[in-house]
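Down below is the structure, laid out as structure tokens.
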Ligand SMILES: NC(=O)c1ccc[n+]([C@@H]2O[C@H](COP(=O)([O-])OP(=O)(O)OC[C@H]3O[C@@H](n4cnc5c(N)ncnc54)[C@H](O)[C@@H]3O)[C@@H](O)[C@H]2O)c1
């Protein structure tokens, strides 16, 4: 680890204002050489992590309409995932998928081989479990590649410090970096942000967000025909080292969108979390989470997460102001159907403004924006903001898992790295989290384990 990373880091070392990232990038963009697509104007893509979202992200990339773009390499740890992703993409994007057998790579080093097929200025897509993000991003920076990486981009304090350092390097190299917090690209949410800044709901006093749905992320025991490592990689939502668990992987979007509307990151979190039904599930997630986030001005975001069938379901985010209220997300992430109301009941007679429907998919817009920036050499780097969003999400998770108040600084400087050797994994490696003799894994014990989540 470099000296910069070892230094104790303070929240004040980073931009407080979530909207300022492009300014920093613009300054860097002015002094370093342009890095953009290959001379013949074709942008080449490599897909690393060929699962559901990776295949979706590649499809969005190939759908950008501002010039030639093609997929030339793919990498995964499971051959069957790569094969089915390739089949689907080749069918949907005939003529834009040029991935012969010798550019399909399997294994924990597949990321290097796939990126080696690109030229500086091309784009690497990272849609593996988040644990691998800093490893893959570091290699892309070395190779001068632009990047799209899925959220979360970190899962704990040490990987956030690494990611923040890499983010700085990528800005210095004028790389374009998109992070899959696609709501930031939703045009309705952008207009809502401007209207809130213009004072249409007054000062934000409190925000609420809910992701309460049926059973999710519960993982059964490892099958006999699979290594412990591959089982944990495949079931990454069940393991804190792989994904930050259900909390980080699912809740980051709404914690990020609310913090965007508030124009700040929370400074501390306190939280509750419980495990009610276990059946034969062995994963590390709790079933319910309730977090109170505090912003620098003392205002709060209350976040409720529940993965339990037979209960009230809601998947929405709200902001309450001194003059009215806003819906930030109506049901899931898209369409956002953002609206402003003059009261707090969200009734039609109090409706002041609604973003016109239908609205464009933010998953496509994030790619339109990234590729436009690559072609036009516009400043564009979301890595730091993505790391900060991942960190404040981990802050709420750690508060629930330890039963302690966790501040931004404490989370950032926390020394518990869930998978310190993740960059050295090979197919034969032991898994980062050993199972106990009963085949189960350590779970959070709030109030007993106060310094670590397990
Ligand atoms: N932005 C969104 O709304 C959204 C939606 C879904 C998923 N995601 C994110 O996308 C990422 C992937 O999620 P998913 O649902 O596609 O999971 P998935 O399991 O469908 O896909 C992950 C793929 O990565 C592969 N993989 C795992 N480790 C690897 C490694 N070290 N090298 C190469 N390949 C590896 C797996 O074999 C699998 O094919 C996660 O970070 C998730 O949070 C984002």
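Screening the range 37-58 for residues that are closer than 19 Å to residue 372 by Cβ and either surrounded by 18 or more Cβ atoms within 10 Å (Cβ to Cβ) or not assigned by TED's automatic domain parsing to the domain that holds residue 106 (or both) and picking the one that is modelled with the lowest pLDDT gives 37.
Identify, please: which residue in the range 202-234 is assigned to a loop (DSSP other than H, G, I, E, B) and either in contact with a helix residue (DSSP H, G or I) (Cβ under 8 Å, 6 or more places away or on another chain) or outside the structural domain of residue 262 (by TED's automatic domain parsing) (or both) and is, among those, farthest from residue 275 (Cα to Cα)? Among those residues, the one meeting the criterion is 226. Within the range 174-222, restricting attention to residues that are at pLDDT below 95 and surrounded by fewer than 15 Cβ atoms within 10 Å (Cβ to Cβ), the residue that is farthest from residue 324 (Cα to Cα) is 221.
One residue is enough: does the range 366-380 have a residue meeting the conditions surrounded by fewer than 21 Cβ atoms within 10 Å (Cβ to Cβ), part of a loop (DSSP other than H, G, I, E, B), within 16 Å of the ligand (Cβ to nearest atom) and within 20 Å of the chain's Cα centre (by Cα)? Within the range 366-380, not a single residue is surrounded by fewer than 21 Cβ atoms within 10 Å (Cβ to Cβ), part of a loop (DSSP other than H, G, I, E, B), within 16 Å of the ligand (Cβ to nearest atom) and within 20 Å of the chain's Cα centre (by Cα). Note on the range 62-85: among residues that are under 11 Å from residue 104 (Cα atoms) and over 24 Å from the mean Cα position of the chain (by Cα), the one that is surrounded by the fewest Cβ atoms within 10 Å (Cβ to Cβ) is 79.
Any idea which of 73, 90, 127 is touching a residue at least 60 places away in the same chain (Cβ under 8 Å) and either in contact with a strand residue (DSSP E or B) (Cβ under 9 Å, 6 or more places away or on another chain) or within 16 Å of the ligand (Cβ to nearest atom) (or both)? Lay out the reasoning, then the answer.
Values: 73 fails: touching a residue at least 60 places away in the same chain (Cβ under 8 Å); 90 fails: touching a residue at least 60 places away in the same chain (Cβ under 8 Å).
The unique qualifying residue is 127.
Sub-9 Å Cβ pairs linking a first residue in the range 94-113 that is outside the structural domain of residue 141 (by TED's automatic domain parsing) and closer than 12 Å to residue 82 by Cβ to a second residue that is within 14 Å of the ligand (Cβ to nearest atom) and not in a loop (DSSP other than H, G, I, E, B), at least 6 apart or interchain, number zero.
Here are 389, 435, 373: which of them is at pLDDT below 95 and out of contact with any strand residue (DSSP E or B) (no Cβ under 7 Å at 6 or more places or on another chain)? Write out each step before concluding.
Numbers: 389 fails: at pLDDT below 95; 373 fails: at pLDDT below 95.
Sole residue among the options that is at pLDDT below 95 and out of contact with any strand residue (DSSP E or B) (no Cβ under 7 Å at 6 or more places or on another chain): 435.
On the stretch given as the range 257-304, residues that are closer than 16 Å to residue 214 by Cβ and either at pLDDT 95 or above or buried (at least 16 other Cβ atoms within 10 Å of the Cβ) (or both) total 8.
Look through 449, 381 and report the one residue that is in contact with a strand residue (DSSP E or B) (Cβ under 6 Å, 6 or more places away or on another chain) and in contact (Cβ under 8 Å) with a residue 40 or more places away in the chain. Quick ask: steps written out before the conclusion?
Numbers: 449 fails: in contact with a strand residue (DSSP E or B) (Cβ under 6 Å, 6 or more places away or on another chain).
Only one candidate qualifies: 381.
The numbered conditions (1) within 23 Å of residue 262 (Cβ to Cβ); (2) touching a residue at least 40 places away in the same chain (Cβ under 8 Å); (3) touching a helix residue (DSSP H, G or I) at 6+ places or on another chain (Cβ under 6 Å) are all true for residue 364 except (1). Considering the conditions (1) closer than 18 Å to residue 367 by Cβ; (2) under 21 Å from the mean Cα position of the chain (by Cα), residue 135 is excluded by exactly one of them, (1). Quick one: is residue 137 crowded, with 22+ Cβ neighbours inside 10 Å, within 24 Å of residue 51 (Cβ to Cβ) and within 10 Å of the ligand (Cβ to nearest atom)? Answer is no for this residue.
The values are calculated or read from the model by the stated rules, or taken from the named source; none is laboratory data. The structure presented is a predicted model; accordingly, all values stated were derived computationally and were not measured. Reconstructed Cβ throughout: ideal geometry from the backbone, glycine too, with neighbour counts over all protein chains shown.
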